[in-house]
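Values in this text are rule-based calculations from the coordinates and carry no lab data. As the structure is a computational prediction, the values presented were derived from the model and not from experiment. Glycine also receives a Cβ, built like all others from the backbone with ideal geometry; neighbour counts cover every protein chain displayed.
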Amino acid sequence: MQIRRWHAHASLEALQEDAAAKILQSAEKSIRERSVFRIVLAGGNTPKSLYEKLAQADADWPSWEIYFGDERCLPPSHAERNSKMALDSWLAHVPIPEQRIHAIPAELGPSEGAARYSQTLKAAGEFDLVLLGLGEDGHTASLFPGKTWEDQDAFAVFDAPKPPPERISLSASRLSFSRQVFFLVSGESKKQAVADWRSEKPIPASIIAPPSGVDIFIESMLLG
Ligand code: 6PG
């Protein structure tokens with residue numbers, strides 16, 4: 001059963017401000033308690049301006065360790081890569097050591113890339129914070145409805161309905177192995193998925209169930 005806390009905001013800007021502040025607080029706490037902050041980044045458009053805000057923030061960047069929740073199987077420099085978006089909007093502008101940025105090697109193709117990233121994740125242990133988005137059909141990371149998901153830490157996706165079809169995704173259980181999980185949800189087109197989620201219809205986003213529950217940062221118009 002997924003424990004949910006909804007944080008509604010009148011605008012996308014306010015949502016991103018709040019989420020950025022909570023991410024920075026989470027990082028401070030983790031670094032104070034464990035000397036490291038392991039965060040998993042979401043792809044898609046919603047987090048982009050949030051990442052731009054984080055690029056301006058003052059934080060103990062060398063103690064951050066970056067992972068990704070899913071990736072599109074494209075060359076590393078392709079504009080549609082989630083890692084490229086995160087680098088351009090944020091990571092290239094702060095002093096996180098390069099070896100602490102663990103991009104998914106999706107350029108190797110779904111199977112090889114997933115096998116390699118599963119190895120990387122074995123060494124990572126529990127995440128401190130996982131960021132996720134929500135798709136119009138209720139997908140999150142690259143867990144799409146109606147598909148079978150393998151239970152390796154990272155698995156290959158060949159037929160995603162959202163382009164490109166070839167992707168690599170962390171599994172629901174690996175995404176749930178985290179002290180905190182934040183969903184970032186914006187855009188009118190998500191209305192039905194949010195209604196399904198709230199009425200307990202089974203959508204992929206509802207199976208992410210860390211023991212501490214999930215925090216959902218959402219535009220208030222989607223709750224109406
Ligand atoms: C991706 C994703 C995906 C995304 C949602 C929401 O690679 O496409 O990681 O799960 O987070 O589709 O995307 P938007 O924020 O663009 O609506």
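So the values come out like this:
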item: Amide proton proximity set for residue 57, modelled H, under 5 Å, gap of 5+; result: none
item: Within the chain, helix-based [θ] at 222 nm, where runs of 4 or more DSSP H residues each add -39,500 (n - 2.57), nearest 500; result: -8500 deg cm²/dmol
item: Dipole magnitude (debye, nearest 20) for region 73-198, charges at Cβ of Lys, Arg, Asp, Glu; result: 220 debye
item: Alpha-carbon centroid distance for the pair region 193-224 / region 29-65, whole angstrom; result: 23 Å
item: Region 1-23 and region 141-192: distance between their alpha carbon centers, rounded to Å; result: 20 Å
item: Candidates 204, 76, 47: whichever shows maximal mean-square fluctuation once the chain is modelled as a Gaussian network with Cα springs under 10 Å; result: 76
item: Global geometry of region 125-224, whether rounded, prolate or oblate, following the gyration tensor of its Cα atoms and the 1.5 cut on a/c; result: oblate
item: Relative contact order, percent, region 82-175 [alpha-carbon distance under 8 Å, six or more residues apart]; result: 25 percent
item: For region 1-152, size of Cβ-based charge dipole, Lys and Arg +1, Asp and Glu -1, in debye; result: 220 debye
item: Most fluctuating residue given options 186, 178, 111, as computed from a GNM of the chain linking Cα atoms under 10 Å; result: 111
item: Whole-number percent relative contact order across region 12-124, with pairs defined as alpha carbons under 8 Å at least 6 apart; result: 24 percent
item: Furthest towards positive pole of dipole, 105, 142, 19, structure part region 9-160, Cβ charges; result: 105
item: Cα gyration tensor shape of the chain, rounded if a/c is under 1.5, else prolate or oblate by comparing a/b with b/c; result: rounded
item: Approximate spin-label separation residue 223-residue 93, in nm, with each point projected 7 Å along Cα-to-Cβ; result: 2.9 nm
item: Gyration tensor (alpha-carbon) shape descriptor, region 94-164, a/c threshold 1.5; result: prolate
item: The chain: relative contact order in percent, alpha carbon pairs under 8 Å with at least 6 residues between; result: 26 percent
item: Residues with amide H under 5 Å from that of residue 9, placed H, sequence gap 5 or more; result: 218, 219, 220
item: Counting DSSP beta bridges with both ends in region 77-207, the antiparallel % (nearest 5); result: 45 percent
item: Among 173, 63, 77: highest mean-square fluctuation, GNM of the chain, C-alpha pairs under 10 Å; result: 77
